[in-house]
Amino acid sequence: MPSLFSQFMQATVLRYPRSALLAVAVLTLAMAAGLSHFKIDASADSLTLEHDEALNYYREVAGRYGSSDFLVVTFQPKQGDLFDDANLALLGELRDELAAIDGITGAVSILDLPLLFSPKVAIGDLSQPLNTLLSEGVERSQARREFLTSPLYRNLILSPDGTTTGVLATLALDRRYLELVGERDALRLQRDTTGLSASEQLQLEQVSREFLDYRTAKAERDKLRVARVRDMMAPYRERATIFLGGPDMITADMIDFIRSDLVVFGSGILLFIILTMAAIFRRWRWVVLPLLTCTATLVTMLGFLAWIDWRLTVISSNFVSLLLIITLALTIHLVVRYRELHQQQSDWSQLQLVATTVSSMALPCLYTVLTTIVAFASLVVSDIRPVIDFGWMMTIGISVALVLTFVVMPAGMMLLGREADIDDSDNSASITLRFARLSERRGGAVLLVSALLAVLSGYGISQLQVENRFIDYFRSDTEIYRGMEVIDSALGGTTPLDIVLQAPAFVSEQAASSGSDPFGEDPFGEDPFGEDPFGEDPFGEDPFADDPFADDPFAETSDAPALIESYWFSRSGLADLEKLHSFLEAQPEIGVVSSLATLNRVAEALLGRQLNDFEIAFMRKSLSDEIYQQGVAPYLDEQRNEARIQLRAMETQGQLKRAELLARIDQFITDELGYRNGEAQFTGLLVLYNNMLQSLFKSQILTLGAVFVGIVAMFLILFRSLSISLIAIVPNFLAAGIVLGGMGLARIPLDMMTITIAAITVGIGVDHAIHYITRFKREFAVDGDYTATLYRAHASIGRALFYTAITIIIGFSILAFSNFIPSVYFGLLTGLAMIAALFGSMTLLPKLLLLFKPLGPGTPR
């Protein structure tokens, strides 16, 4: 292949270098024209599974109960008490301005909540307008106590110290969004199961495009809304400490962080490339040509992604850094080989030097690209679309990098002519030769240290976790972190979780056999009140003296919605909810919990005792529309006879382990409440994010072995030797183990970004092994002396590996300054991967070659 490839290169690129560079320039400019359409996607859809039933159920519940999207503005006055007139007036102004922003359907604060204990109201008065904090005659100290202790408001709207409150802004439910995504997902599922007709395929393409355009416009509206809220908040910061929280705000800030990282760190890495190449080679041509190659590759790929509207996500945001570094590594190998030939063959023409450089490096570079693609292909087996996209992006990007490197670099070399005498002041060979001496003279120590590292890495891998606190994605001085911290500690938690309970099967069976009444033929057949249900009247002298419902307290009125018999408005149903509600409140990771049990607790607190079924039914009928919408509608679907419990998990209290928490709750529902499979379902952002993390672990870590099998197969094709292939894979196993084990020992969790480190480590390590063994075989053919070959290989290809490693290590360390902590981990872990790959290729790999002699017995020295 090299000879055919060399002939092709000479007939095209090397013979017409200007035309080759012009073609690359035209391609780059054409792709650059699309950069204005480049987009970043940090929506919830970008972090979920393909065909995730939990996601479909999440959308179904949102459509059933209304929007669960919200923004929270925390409010803590800088002077005076929160309940002072001036501070309450300021809070009211903030609430009114927030409610007036487009897309916000309502804003609720302590000023708006009905007071039931300030003073205490009777059950029969629940149908009447209730006092609020600003109502005449309300004692504010009494209201403060109610906000702190009432079952309805405790841990929800006022911090335990009474100094911080919040304004909850509910965002409008976008039903058009739900319709489009539902239609698209239904067609996708049909495509992947039974198949689509031509017209249905066209329909899928149309609805996918419509949905993507709509989602883009929606994301822009959401971002604009967050910006308007922040602008609105600015004047209030002089008199109060204010933070903004909520999913939309987090999404907007994540996009800003990613965009900033792309610009700042992409530019930083380009600058670093200039400085690195200048320091290593000390010739301006070896700065300009790699820089042009890296720039052309990056612009071409980003433009291509923009033209086809393929968006970067949180997971693929480091695509730019990776592509630059991999492209730079390819250029370094060509430069080092050219300079090596230049020194050895002083009488060769430039055409001979460049042609031989290209010919000798074509096969190693091709196989390094192919094996790197195999490593990134491990991402494609994931169920998460952005992870799949990242794998394909890197596959395409690395392929483009290979092509452009073998066009721009040789064409540039031809145009610039033969380099002057090589500067012999480069002492990097002395460094790499130290590695060679270490492998030869201290080989036993190398093997022992490698074995110890393998054992330690194995233990570290056993400690890996896929759980993490979302708050830890951000630095502590960012508004996201500080806002989540305040909401967690003062306002009941940040991450939503819903538990939807179906009425138990025995209730449905009983209702089916006895009619519509799930409580039997006569719920009052056995009088729960004793001889006289009104002997000790809990509602006053006569609960029906002034009957708001006419003669029959349970008769339907023309303007009231018809009430349906519900298991959940019974003593048994509320008892189930109370048990689960109490269990949830006892969990350290959970903040506020809301359900129908909350309303029941309020009623019991008003009466001073438990309600019986008759009183529950009367209370239900007595509720005003305001209380019904606040205390019943979010927690009960009467048509489906199902109840919903809403809760928020706290990110700042200890270590949040989502999978463990969900399993603990599920076990309680099954064992203690006796609910069957399917009668209790979990949904919410906590579930969706947990599904993504668990899928990442299964699809990446557990399939890593398959990746190594694929790479060994490619080694067999390349080296045509099982022994060499197995030797080559060992340092890569060790490098991947060191990185993953280091993460486990350092308690760095696997998440949506760090999970890709395994693939990157394998890809980088494999590149080193291929280049080193290819050169080792070539040098071994000279004299058959393993030891001499070792030193020659380290003095030649070893220098390129050393340059590449140092470049990647320092280049990725720039990411340590990001505000997005996963990017920080990504940069540092990639640096660690490079160190492990370098030492593995420069010490362990040559020692294994010396020990097992896979190329034959060799010539004795």
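The values are calculated or read from the model by the stated rules, or taken from the named source; none is laboratory data. These numbers were taken from a predicted model, which means no experiment stands behind them. No Cβ is skipped: glycine too gets one built from the backbone with ideal geometry, and neighbour counts run over all protein chains shown.
The set of residues in region 278-304 being crowded, with 17+ Cβ neighbours inside 10 Å and of a type in the set (Gly, Ala, Ser) consists of 296, 303. With respect to the conditions (1) in contact with a Leu (Cβ under 6 Å, 6 or more places away or on another chain); (2) within 30 Å of residue 232 (Cβ to Cβ), residue 153 falls short on a single one, namely (1). Screening residue 808 with (1) under 25 Å from residue 451 (Cα atoms); (2) crowded, with 24+ Cβ neighbours inside 10 Å gives one miss only, at (1).
Residues of region 710-766 that are under 25 Å from the mean Cα position of the chain (by Cα) and of a type in the set (Val, Ile, Thr): 738, 739, 748, 754, 755, 756, 757, 760, 761, 762, 764.
Screening residue 674 with (1) without any contact (Cβ under 8 Å) to a residue 40 or more places away in the chain; (2) assigned by TED's automatic domain parsing to the domain that holds residue 582 gives one miss only, at (1). Here residue 83 meets each of (1) more than 27 Å from residue 616 (Cα to Cα); (2) touching a helix residue (DSSP H, G or I) at 6+ places or on another chain (Cβ under 9 Å); (3) at pLDDT below 90 with one exception, condition (3).
Output the number of residues of region 106-162 satisfying the condition of being small (Gly, Ala, Ser), touching a strand residue (DSSP E or B) at 6+ places or on another chain (Cβ under 9 Å) and touching a residue at least 60 places away in the same chain (Cβ under 8 Å).
Residues in region 106-162 being small (Gly, Ala, Ser), touching a strand residue (DSSP E or B) at 6+ places or on another chain (Cβ under 9 Å) and touching a residue at least 60 places away in the same chain (Cβ under 8 Å): 5 in total.
Right, residue 574: at pLDDT 85 or above and either among the polar types (S, T, N, Q) or within 46 Å of the chain's Cα centre (by Cα) (or both) or not? In short, yes.
Evaluation of residue 195 against the conditions (1) over 25 Å from the mean Cα position of the chain (by Cα); (2) part of a helix (DSSP H, G or I) shows that the sole unmet condition is (2). Determine which member of the set 19, 46 is outside the structural domain of residue 193 (by TED's automatic domain parsing), small (Gly, Ala, Ser), at pLDDT below 85 and not in a loop (DSSP other than H, G, I, E, B). Going through 19, 46 in turn, the sole match is 46.
Quick grid of which residues meet (1) crowded, with 21+ Cβ neighbours inside 10 Å; (2) without any contact (Cβ under 8 Å) to a residue 60 or more places away in the chain:
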{"site": "578", "(1), (2)": "no, yes"}
{"site": "608", "(1), (2)": "no, yes"}
{"site": "625", "(1), (2)": "no, yes"}
{"site": "630", "(1), (2)": "no, no"}
{"site": "635", "(1), (2)": "yes, yes"}
{"site": "638", "(1), (2)": "no, no"}
{"site": "643", "(1), (2)": "yes, no"}
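For region 352-405, the set of residues classified as among the polar types (S, T, N, Q) and closer than 26 Å to residue 698 by Cβ consists of 371, 372, 378, 382, 395, listed by residue number. For region 779-790, a tally of residues being of a type outside the set (Ser, Thr, Tyr), in a helix (DSSP H, G or I) and surrounded by 16 or more Cβ atoms within 10 Å (Cβ to Cβ) returns 4. Just one of the numbered conditions (1) within 28 Å of the chain's Cα centre (by Cα); (2) in contact (Cβ under 8 Å) with a residue 60 or more places away in the chain is not true of residue 210: (2). Filtering region 299-342 to residues that are in a helix (DSSP H, G or I) and in contact with a Lys or Arg (Cβ under 7 Å, 6 or more places away or on another chain) leaves only 336. Looking only at region 475-497, residues that are aromatic (Phe, Trp, Tyr) and either touching a Pro at 6+ places or on another chain (Cβ under 6 Å) or at positive phi (or both) come to 0 in all. Pick from region 82-105 the residues that are of a type in the set (A, V, I, L, M) and not in a helix (DSSP H, G or I): which of them is surrounded by the fewest Cβ atoms within 10 Å (Cβ to Cβ)? Among residues in region 82-105 that are of a type in the set (A, V, I, L, M) and not in a helix (DSSP H, G or I), the one surrounded by the fewest Cβ atoms within 10 Å (Cβ to Cβ) is 100.
Checking 54, 89 one by one, the residue that is of a type in the set (Gly, Ala, Ser) and not assigned by TED's automatic domain parsing to the domain that holds residue 156 is 54 and no other. Among the residues of region 713-724, those that are closer than 14 Å to residue 373 by Cα and crowded, with 17+ Cβ neighbours inside 10 Å comprise 714, 715. Among residues of region 388-422 being touching a helix residue (DSSP H, G or I) at 6+ places or on another chain (Cβ under 7 Å), outside any helix (DSSP H, G or I) and not acidic (Asp, Glu), the one that is modelled with the highest pLDDT is 417. Looking at region 817-861, which of the residues that are among the charged types (D, E, K, R) and surrounded by fewer than 20 Cβ atoms within 10 Å (Cβ to Cβ) is modelled with the highest pLDDT? Applying the filter and picking the extreme gives 853. Of the candidates 632, 687, the single residue that is modelled with pLDDT of 85 or more, over 13 Å from residue 498 (Cα atoms) and β-branched (Val, Ile, Thr) is 632.
When the test is whether a residue is within 44 Å of the chain's Cα centre (by Cα), crowded, with 17+ Cβ neighbours inside 10 Å and outside any loop (DSSP other than H, G, I, E, B), residue 154 does not pass it. Here residue 169 clears all of (1) over 27 Å from the mean Cα position of the chain (by Cα); (2) small (Gly, Ala, Ser); (3) not in a helix (DSSP H, G or I) except the condition numbered (1). Against the test of being hydrophobic (A, V, I, L, M, F, W, C), more than 17 Å from residue 412 (Cβ to Cβ) and over 28 Å from the mean Cα position of the chain (by Cα), the options 224, 289, 312, 275 yield a single qualifying residue, 275.
Here residue 643 qualifies as in contact with a Leu (Cβ under 6 Å, 6 or more places away or on another chain), hydrophobic (A, V, I, L, M, F, W, C) and assigned by TED's automatic domain parsing to the domain that holds residue 583.
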